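To start, the structure under review is shown below, and the notes come after it.
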Amino acid sequence: MPKIIQDLGFPEDASAELVWQEFPLRLTTWRIKELAVKQSRWFSWHDAASVQLPEFWSARMILEWYCGGANPDATCQQFNKMREDLGGLELAFKCLSQETFENAHVMYICSEPCRGWYSWHIEHVKTAQDNLRYQLHLSRSITWQSEWHLRELAELLSPRGWSKFNKLMISVLNPDGVAKKIFSFVTQLLGRRCASLSRHSSPPYCYVGLLGSDMASARAAGDLMISDLTALLHLEVSTMDQAQNLAADLRLTLDACSRLASMLLWDGHHEKSKALLKALLVTIPDSKCIEDCHQVVRVARKNRGNEKMTLPAVQYLIENSKVLSQRDLQHGPEVTR
Amino acid sequence: MSVWQSKMLALYKSRAELAFRFLNHFCVVTDSSCHGCKDTLISLFYSPVLNNCAFATCQFMKPGKVIQPFEMDLDEHIEYLAARREVTRLHAYRFMQAVSHQVSQMTSGKFCLSSFKPPRGICLKPLSPGDSFEHITSSTDNHLQVKRGGALETQDTACFDDGTPVLTLVMDQGSTGMAAMAYLQSLDVLVHCSFDKVHRCIRDLKLASQHASGNFGQTTLMTSFVWSLNYKPFKSGAWFEEKKCALNSFLASETSVPELGSWYNFWHVMGGCWFLCLASLVYCCCILSLESLGQGFGHLQEVHAQDHSRPWFSRGCQC
């Protein structure tokens, strides 16, 4: 089946007449502007990819007809080098090589679990209480190692997950080379996600059980707090080689606050320890609300032309934005009219 | 900015101060971005006790790596470094200044960043090699006793109460925030720094594409260019118009009727089906003049030569 028919979702037995009539209507980005890729906007590339990837071969066909010239598969070079000589649609045509097609699909498919993880968190972990519930869930029901998006990532390398690449593999010229790329990308991403999520195994996040209602988890967290502190103290007073380096590394996570929380618990001040731990762990889950505030200001600035954006104007915009209400966060000082 | 808007800002500030004045445990989510050429720090204060949020007054952070004379009050040895332009991490310092000012404003001057010290009876400084510690347990009181440099210290944790200020800073994991965290940790103050999980995820994706084998970095550059073409150059959208013209010209010039246009060749003949090429050739022989046949044959020869280099026509069986 020709790639255009496959990409644009036509039936395999579609006639040339039908495809000819229908295919311009399915080329969305040739009729409307759609999204641009913005480096600073989260998952902007992936949003654009979901619209643009199905039009890859159609775009290449039209641009080849329009621009002519050599085949991009043979002439595609480093982007900055090509940019010195070319621009506009000619440069776009040169970029649409088979390698670009394969790599873009690999990146898009392999990033999907992370995109899903992001969407899930934005939708479900909005408030500080949600954040605490999620951390308790990670400490009690599952651990971060079995977090679903990590499993989905790992599954991409299994026979079941491999089916997601079936459609891509039909269109590639060198399946072994693409398989190597997939393996390399997934293992790189999986390793980095594990490193990032491993903070749930380090203080103070691993002590979250103390804030839950489950007595067994609370006891286990308490024991861990005291054993971590004693281990660190033993390292600090040790004169053994490398002990100080190890202690300095441990202090990156077992900072002054966690240290005090452990000391309070060791001395039997359970409620005080819990109050301190609550101050450390019951927090706004992410800084997206601040990013959204910046976006509100950016959008407002576009409508003002050359008018200067003063600090009171910025303040007024963020205080009257709907950013907090969208995240279900209580905004006590809000002035209603 | 109208008078009424200014009044609303003043009202908001007084209401926020009223809510946070008597609190001691805060979570501050903070991030800066450029607005009107100025680096503006926006911070959101959250209290786990009240379960309520308030925006702090935005702060403009001065750029640059040089401290001007009399710009700020400095220790003598820092002044010496500033005069020689040897100060480093100035942006992180200005970030901490801005956060400190926001904390001060929100708590009506009760706290600033240097207020988050542990209570007087507690020393959270790390022990040194050769020091010793012992946990004393009795029926009335438990406490940690440390021998630091020969001097005996008792950690009186009982003096920690709800009045002890604790700050949790949630930031993106940038160089400024990391430097601020390292400095605050070295002071052993009760400021806990946490990094945003979404920024971390985005960075993981970016690093994976940079380090995985397969030229993914170049692909990101190329696809970002091609997929933003509709807004280029310089957000004018001129290339989008050219794209539309290209599509219209293509549709006007080509046809789906096999014998009349190269569209058919694009679609079917170059799909690797050699028998179709032959059939088309025979068909052409029947209906076209010898001259046009010659042209068509030449074209098809070219088509065959490019067959493997035109992957949109390749079929699934190739794999």
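Using alpha carbon centroids, what distance separates segment B:52-85 and segment A:235-275, in Å? That distance is 32 Å. So what is the 222 nm mean residue ellipticity for the protein assembly as shown from helices alone, if each DSSP H run of at least 4 adds -39500 (n - 2.57) and you divide by all residues, rounding to the nearest 500 deg cm²/dmol? Calculated mean residue ellipticity at 222 nm is -16500 deg cm²/dmol.
The trypsin sites (Lys or Arg not before Pro) of segment B:20-72 meeting both criteria, a DSSP state outside H, G, I, E and B (loop) and at most 14 other C-beta atoms within 10 angstrom of the site's C-beta, are B:ARG21, B:LYS65. So which residue, out of A:LYS302, A:LYS272, A:LYS167, gets the largest mean-square fluctuation from a GNM of chain A using Cα contacts under 10 Å as springs? Of A:LYS302, A:LYS272, A:LYS167, the Gaussian network model singles out A:LYS302 as fluctuating most. Proximity of backbone amide H atoms, modeled 1.01 Å from N, is registered between B:HIS135 and B:GLN145 at under 5 Å, excluding neighbours fewer than 5 places apart on the same chain. Given springs between every Cα pair under 10 Å in a Gaussian network model of chain A, which of A:GLU64, A:GLU147, A:GLU307 has the largest fluctuation? Its mean-square fluctuation being the largest, the pick is A:GLU307.
Between their Cα atoms, which of A:LYS126/A:LYS274; A:LYS33/A:LYS94; A:LYS167/A:LYS288; A:LYS3/A:LYS181; A:LYS38/A:LYS322; A:LYS272/B:LYS125 are more than 25 Å away from each other? From the list (A:LYS126/A:LYS274; A:LYS33/A:LYS94; A:LYS167/A:LYS288; A:LYS3/A:LYS181; A:LYS38/A:LYS322; A:LYS272/B:LYS125), the Cα-Cα distance tops 25 Å for A:LYS167/A:LYS288.
Taking the centroid of alpha carbons for each part, segment A:101-164 and segment A:195-228 are 22 Å apart. Straight-line cross-link reach from B:LYS7 at under 18 Å between alpha-carbon atoms covers these aspartates and glutamates, not counting any fewer than eight positions away in the same chain: A:GLU319, A:GLU334, B:GLU17. Cα gyration tensor of segment B:75-163, axes a ≥ b ≥ c as square roots of the eigenvalues: rounded (a/c below 1.5), prolate (a/b > b/c) or oblate? Oblate is the answer for segment B:75-163, as a/c is 1.5 or above yet b/c matches or exceeds a/b.
Working note: Cα gyration tensor of segment A:256-309, eigenvalues times five, square-rooted, sorted largest first, giving semi-axes of 45, 9, 7 Å.
Extent of segment B:119-159 along its three principal axes (Cα atoms, max minus min coordinate, largest first): 30, 21, 14 Å.
Candidate cross-link partners of A:LYS81 among the aspartates and glutamates, defined by an alpha-carbon separation under 19 Å and a same-chain spacing of 8 or more, comprise A:ASP73, A:GLU90, A:GLU99.
For segment A:3-96, the square roots a ≥ b ≥ c of the C-alpha gyration tensor eigenvalues yield an a/c of 1.5 or more together with a/b not exceeding b/c, which makes the shape oblate.
Over 31 Å apart at the Cα level, from the set A:LYS278/B:LYS38; B:LYS13/B:LYS235; A:LYS180/B:LYS244; A:LYS302/B:LYS13, are A:LYS278/B:LYS38; B:LYS13/B:LYS235; A:LYS180/B:LYS244.
Between the alpha-carbon centres of segment B:107-153 and segment A:37-63 there is a gap of 57 Å. GNM remark for chain A: springs join alpha carbons under 10 Å apart, and the peak mean-square fluctuation among A:GLU102, A:GLU34, A:GLU17 falls on A:GLU17. From largest to smallest, the equivalent ellipsoid semi-axes obtained for segment B:15-164 from the alpha-carbon gyration tensor read 36, 26, 12 Å.
Remark: the B:LYS206-B:ASP73 segment gains 43.8 nm on full extension, using 0.36 nm per residue and subtracting the alpha carbon distance. Size of the protein assembly as shown from its Cα atoms: along the principal axes, largest to smallest, the extents are 111, 60, 52 Å.
The slack between A:CYS194 and A:GLN39, meaning 0.36 nm per residue of separation minus the straight C-alpha distance, is 53.4 nm.
Sum up the charges of everything whose Cβ sits under 13 Å from the Cβ of B:THR88, counting Lys and Arg as +1 and Asp and Glu as -1, but leave B:THR88 out. Neighbourhood net charge equals +4.
Please say if chain A is rounded, prolate or oblate, where rounded means a/c under 1.5 for a ≥ b ≥ c the square roots of the C-alpha gyration tensor eigenvalues, and otherwise the choice is prolate for a/b larger than b/c and oblate otherwise? Verdict is prolate for chain A.
Readers should treat all values here as calculations from the given coordinates under stated rules, not as data from a laboratory. Nothing here was measured: the structure is a model prediction, and the numbers come from that model. Virtual Cβ from ideal backbone geometry, glycine too; neighbours counted across all protein chains shown.
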